[in-house]
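Below is one structure; the comments refer to it alone.
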Amino acid sequence: MNLFKKNIYKKIYQKIKKADTIIIARHVGPDPDALGSSLGLKQIILDNFPNKKVYVIGAPAAKFKFIGELDKLPDSIENTLLIVTDTPDHRRVDGIDPRRISNSIKIDHHPFVEAMCSLEWIDDKSSSASQMILELAFNTKLKLTKSSAEKLYIGLIADTNRFMFSYTNAKTFALVSKLLKQTDIDITKIYNELYLRPFKEIKFQGYMAQNYQITENKVGYLIINDETLKTHNVDAATPGNMINSFNHINEMLVWVTATEDKELGSFRISIRSRGPIINEVAAAHGGGGHKFASGTRLKTQEEIYNLIKDLDETTKNYIEKGSN
């Protein structure tokens, strides 16, 4: 273990130990890793320090309610410790501006965007924020229970797509093996909760497959308006939640869904790649993420087509580089 890792575990543990009130936040539009890491960390803290007050804040995601209940921001945030998981910059933190709290920690596996907390642990080689929380627990006096382990496992398997993505590594499997030995969680039950879907969503997935447009340079894209969502009786989060289902289509190296969100007056953009680096393109269009999994929000279809054009150019360069 290198000295930085040893010190960061110790510093985070000491901050948690000293704080009486802790607020845990994550990114807007939460996925299972954002929820699993934040709710899992809350459970760990309460299991080890039952007298602490711990709040996990942010807008709920109905689809992932089974992971755990969320809290309201407490009336007073004076003398609190803020922990932000799975979020690289202050603009994407849900429910609070982290710059308002001086005593704060960031635990994140995205590439560095900005420093926003007084203590930052960034590991963009980690599969997920949930893996980082698991790593923290195994390298400090924090003990895992079955409840906290379930939440972290959900976040980890979701962000690795059940260990299929490239940033799954030996450390990931070692930590999961240790988790399973110590807590004996029911992984079949977890997979059922995470992956069982209503038939209307399966039918909508068929609609998506039938309507993807594919460019000459293997960029698949689909713009879904509010009327289409209503016709199929699904919400604006559904297409983004399904995007990994299109990972193994030979004709697409990069694929994009742009889903109209009437409530927020914008389009939710989810982007995935099987080779070309896409997070730099997403960042140029106001978003960000990982090399092969990114997203953003755009206001108009013109902006969406500009994004697709840039992704197409990136993919073209990738193909030409490979052929040479």
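All of the numbers you see were taken from the coordinates with simple rules; none came from a lab. The shown structure was predicted, so the numbers you read here are calculated from the model rather than taken from an experiment. Ideal geometry is used to build each Cβ from the backbone, glycine not excepted, and the neighbour counts take in all protein chains shown.
Things to note:
- The DSSP beta bridges internal to the chain are antiparallel in roughly 45% of cases.
- With the simple spin-label model, which puts each label point 7 Å out from Cα in the Cβ direction, the Asp235 to Ile214 separation comes to 3.2 nm.
- Relative contact order [Cα under 8 Å, 6+ residues apart], the stretch 166-269, whole percent: 23 percent
- The Cβ shell under 9 Å around Pro30 holds other residues with a net charge of -3, Lys and Arg each +1, Asp and Glu each -1.
- Within the stretch 213-316, percent of DSSP bridges classed antiparallel, to nearest 5: 75 percent
- Loop chymotrypsin sites (Phe, Trp or Tyr not before Pro), the stretch 120-201 (other Cβ atoms within 10 Å of the site Cβ: 15 or fewer; DSSP): Phe163
- FRET E, pair Asp75, Glu320, Förster distance 45 Å, beta-carbon r, rounded to 0.05: 0.20
- Across the stretch 16-174, C-alpha contacts under 8 Å between residues 6 or more apart give a mean separation that, scaled by the residue count, equals a relative contact order of 27 percent.
- For the chain, the mean residue ellipticity at 222 nm estimated from helices alone is -13000 deg cm²/dmol, where every DSSP H run of n ≥ 4 contributes -39500 (n - 2.57) and the total is divided by all residues, rounded to the nearest 500.
- A simple charge model with +1 on the Cβ of Lys and Arg, -1 on the Cβ of Asp and Glu and nothing else charged puts the dipole of the chain at about 1300 debye relative to its Cα centre.
- Mean Cα-pair separation over length for the chain, i.e. relative contact order, pairs under 8 Å, 6 or more apart, %: 12 percent
- Filtered trypsin sites (Lys or Arg not before Pro), the stretch 192-264: DSSP coil and at most 13 other beta carbons within 10 Å: Lys262
- Computed from Cα atoms, the angle from the helix 170-183 axis to the main principal axis of the chain rounds to 50 degrees.
- Karplus-based coupling profile of the stretch 292-301, in residue order and whole Hz: 10, 8, 9, x, 6, 10, 10, 8, 10, 5, with θ = phi - 60° in 6.51 cos²θ - 1.76 cosθ + 1.60 and x standing for Gly or Pro.
- Exceeding the 19 Å Cα-Cα cut-off - candidates Lys6/Lys125; Lys15/Lys171; Lys63/Lys178; Lys18/Lys42: Lys15/Lys171; Lys63/Lys178
- Per-residue 3J(HN,Hα) values for the stretch 218-225, derived from phi via the Karplus relation 6.51 cos²θ - 1.76 cosθ + 1.60 with θ = phi - 60°, read 6, 9, x, 8, 8, 9, 10, 8 Hz in sequence order (x marks Gly and Pro).
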